[in-house]
Amino acid sequence: MDYSRLYDFAMQAYTKIPYLFGGGRTLRPLGLFLEVTYRCNFRCSMCQFLKLMDDPRLNEKLGEELTIAEMKSAIDQVSRFGVIFFTGGEPLLRKDIMEAVRYACSKRKTYLVTNGILLKSDLSKEFVELGCRNVLGSGMASVGVSLEGPEAIHDETVRAPGSFGKILENVRHFVELKKKSGKKYPLIALKCVITAATLPHLNEMYGLAEEVGVDIFNPITEYNMPHTDRLEMDSSADFNRSPDPITGIDIDLLRSELFKIVERSKSSRVQLRLTPPGISNEDIIAHYEGRLNLENKLCYSPWGTAAISAYGDLFPCSNFVVGNIRDEPFMEIWNNEKMRRFRREIKSRGVFPACTGCCNLLTE
């Protein structure tokens, strides 16, 4: 069973009625992304927060990051069938993060993405212990680990010499702990952004995922999101501004590598999940060529997915803030006039130029 696609199907089914008939209002979110910190121990060349991580204001705002109590309160607002996503930055840099993760696992299905360098034995052991009993139950559903190509390419991309070997060792140990436990969850996903550097090695990385024994191989479309300054978020983001073009991609090679991994997936025990999952491979190629057709694309995300910045700003996407959970109750913000107006606009006009490459795009 493809559990990632199951979640995508559930999200579309959950949001369809309020999308069609809600007039901009919707149900409690089914997914909640908690950006718990923007600090990171890597400096990935394609990261949307790269400039932010070296901004001196980031350390000045260290004491303003979400508290555990605020995270717990936000988690309680999500549908009881929902999923909590812990992201960053590098979420494992938060020394208190496991308190929030344990709480989330006790209430909802939970997912965490990490660069893997801090995924030591004790954390892996606890993630396995927190694993869901079944696809419908609460607990740790999945852990995503980023590995940006073979050793030399990964270490150069993340600007951390020697990190590839350490991450791979951590992942191998995680897989072994899970195997010994006899548990299906959490699923372990190996994630890799499709860049000019990683593209020639996609099939090779799929082979590595198989050899290590993870559950999912997840190549991710590169997306130069035009609004990413989390230190100065507001409601004036210009969604008519297109992302910066992606350069250096050999389109013929992209088509070839996508074909190879899709063919490989037909007989592999490791699931392939291409992100965005809601568009075709030809659309992914068109995105890299700068010619993606948005006229037949739509987005349900603002009706079912919320995101909260490390400083409490609630936003449906990009830098478009509709409120702050430190100033107003979560559910009041989630259906306030600004949010309802945004939903009505994206429904009536379709997606924006800024949405090109976003992982929430769907084809009608």
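The values are calculated or read from the model by the stated rules, or taken from the named source; none is laboratory data. Every value quoted in this text rests on a predicted model; they were computed, and no experiment measured them. All Cβ positions, even for glycine, are placed from backbone atoms using ideal geometry, and neighbour counts span all protein chains on display. To get the accessible areas, we keep the full protein, side chains included, count just its heavy atoms, and leave off ligands, DNA and RNA. Shrake-Rupley method; radii C 1.70, N 1.55, O 1.52, S 1.80 Å.
Observations, loosely collected:
- Residue match in region 115-126 (condition: farther than 20 Å from R273 by Cβ and in contact with a Gly (Cβ under 8 Å, 6 or more places away or on another chain)): no
- S138 hydroxyl-bearing (S, T, Y), touching a Lys or Arg at 6+ places or on another chain (Cβ under 9 Å) and open to solvent by less than 40 Å² (accessible area, probe 1.4 Å): no
- Selection of first residues in region 109-129 that are in contact (Cβ under 8 Å) with a residue 40 or more places away in the chain and of second residues that are assigned to a helix (DSSP H, G or I) and open to solvent by 30 Å² or more (accessible area, probe 1.4 Å), restricted to Cβ pairs under 7 Å at least 6 apart or on distinct chains, gives the following pairs, ordered by first then second residue: I117/K166; S121/H173; S124/H173; S124/L177; K125/L177; V128/L177; V128/S181.
- For region 90-135, the set of residues classified as open to solvent by less than 10 Å² (accessible area, probe 1.4 Å) and part of a loop (DSSP other than H, G, I, E, B) consists of E90, G116, L119, C132, listed by residue number.
- Residue in region 165-186 that is open to solvent by less than 10 Å² (accessible area, probe 1.4 Å) and among the aliphatic types (A, V, I, L, M) present: yes
- Of residues in region 203-216 being in contact with a strand residue (DSSP E or B) (Cβ under 6 Å, 6 or more places away or on another chain) and of a type in the set (A, V, I, L, M), the one surrounded by the fewest Cβ atoms within 10 Å (Cβ to Cβ): I216
- As a summary of the residue check, I346 satisfies the conditions (1) more than 30 Å from I97 (Cβ to Cβ); (2) modelled with pLDDT under 95; (3) not hydroxyl-bearing (S, T, Y); (4) not in a helix (DSSP H, G or I) except for the one numbered (4).
- Counted residues, region 308-324 - those being in contact with a helix residue (DSSP H, G or I) (Cβ under 6 Å, 6 or more places away or on another chain) and of a type outside the set (V, I, T): 5
- Helices (runs of 4 or more DSSP H) (entirely within region 251-304) containing at least 2 residues that are within 15 Å of G357 (Cα to Cα) and acidic (D, E): 281-289
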